[in-house]
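Only one structure is covered here, and it is reproduced in the block below.
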Amino acid sequence: MMKFLMMMMFLIPMCFMKNMFWMVQMMLFIMMFMFMNLSVSFNLFSNVSYMMSCDIMSYGLILLSIWISILMIMASENVLKVNFYVSFFMFNIIFLLIMLYLTFSVMNMFMFYLFFEGSLIPTLMLIIGWGYQPERIKAGMYLLFYTLFVSLPLLMGIFYNFYQMNSMMIYFLKFMNLNMYMLYFSMIMAFLVKMPMYFVHLWLPKAHVEAPVSGSMILAGIMLKLGGYGLLRLMIFLQQVNLKLNYISIVISLVGGFYISLKCFCQVDIKSLIAYSSVAHMSLVISGVMIMNYWGFLGSYLMMIGHGLCSSGMFCLANISYERLHSRSLYINKGMMNFMPSMSLWWFLLMSSNMAAPPSLNLMGEISLINSLMSWSWLSMIMLMLISFFSAGYSLYLYSYIQHGKYYSGVYSYYTGVSREYLMLMLHWLPLNLMVIKIDYSMIWF
């Protein structure tokens, strides 16, 4: 695991050399394929060192992080074109990738906390440095304070665990079972805000709307998954309390997911709509983890990976329109099918994955999540039906609103897609729909 960390660290000087924008991306591609060949044990931690190790859960999320970082560089050609602090931008992405890589692979709980919170800084820099509107400072503040408010209780919880257990290794958590309400809430809130759960979700649409395309991609692709990863890791010793209190988070998530789905129909900003749809999807993931059965865990893991690719692709599409029209309004982006019919196909493919159509990973994740929620309580079916129905509803609403209709006359200065953009969309869509063929890698763990 250390060799990949070293490789990423040696990419940092390369960021500051001249004309190395695409070279860094190529090196990340090479690293991606090297990491793919890593031998990972299904049910145990493999490649273990004192500091880092990797099991199937870390492995999938690290692969996703590297992949999204490659695509972020590909989507941000505009930064290179106008030469807007390119070296610092590249450094930011590599630094963020190192933080995420360490978050997913460290074995020490304190180290996990450190990198979990540390990944906030480069994200904040991306939003404030390369965002579009003056409100980005406010969005950055929202992001910072929502996260920091719940971060101290998590740290205290980790130190209390150390006091009880005399070890901080994540692997040894399975020998503990603490029946303490305060500890449960202090440990869990940080992850629920990061997910984000309904009621603490307000920072997400704000941050997405103000962030540049790379910021949106990493936020939707990886940052929301940090919360899910933390929950999946720490649920193991909070089982006793969780069985008593899990209905709170599940009810909030399901009702909130339904309400957010309705809110998607009220949006006039493309990015805002995609951001709210992320909250609706992640509410299912929270429910799946909280139920603590096998299907729920696997479903939430799959949903996280599927959603990471799908949501990131949709932000790419929104950015492609934005770069041409300089507006994210649904009204101005109408009638796009007349100008870019081939791009309409990609809108359709990614929208269909977003509403969990086969053969996407989202479908597999949603099936197992519905399975686990039904086994917990049949009443959850009512909310699940509504969430699934409306998720298809707002996906179709967004697609039909943008692609059809009477176009705005200022669109005549539009230029069609370039091969880089089509390649970027294909690299989102292909893994999302091809990984279903080898679904056993994600579905059979133990």
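Can we say MET235 is touching a helix residue (DSSP H, G or I) at 6+ places or on another chain (Cβ under 6 Å), more than 29 Å from SER395 (Cα to Cα) and either open to solvent by 20 Å² or more (accessible area, probe 1.4 Å) or assigned to a helix (DSSP H, G or I) (or both)? Break it down into steps so the answer makes sense when it comes.
Details: touching a helix residue (DSSP H, G or I) at 6+ places or on another chain (Cβ under 6 Å): no; more than 29 Å from SER395 (Cα to Cα): yes; either open to solvent by 20 Å² or more (accessible area, probe 1.4 Å) or assigned to a helix (DSSP H, G or I) (or both): yes.
Criteria not met by MET235.
Determine whether segment 213-235 contains at least one residue that is of a type in the set (Lys, Arg), under 26 Å from ILE291 (Cα atoms) and touching a residue at least 24 places away in the same chain (Cβ under 8 Å). For segment 213-235, residues of a type in the set (Lys, Arg), under 26 Å from ILE291 (Cα atoms) and touching a residue at least 24 places away in the same chain (Cβ under 8 Å): present. Out of the residues in segment 90-121 meeting the condition of being hydrophobic (A, V, I, L, M, F, W, C) and outside any helix (DSSP H, G or I), tell me which one is farthest from MET6 (Cα to Cα). Per the stated criteria, the residue is MET107.
Within segment 78-88, identify whether any single residue is in contact (Cβ under 8 Å) with a residue 40 or more places away in the chain, polar (S, T, N, Q) and part of a helix (DSSP H, G or I), and answer yes or no.
yes
THR103 falls short on exactly one of the conditions (1) in contact (Cβ under 8 Å) with a residue 60 or more places away in the chain; (2) buried (at least 20 other Cβ atoms within 10 Å of the Cβ); (3) over 16 Å from PHE191 (Cβ atoms), and that condition is (3).
The values are calculated or read from the model by the stated rules, or taken from the named source; none is laboratory data. Quantities reported herein were computed from a predicted structural model and do not represent experimental measurements. Note: ideal-geometry Cβ built from the backbone for every residue, glycine included; neighbour counts use all protein chains shown. Protein only, heavy atoms only, side chains kept; ligands, DNA and RNA dropped before computing areas. Shrake-Rupley method; radii C 1.70, N 1.55, O 1.52, S 1.80 Å.
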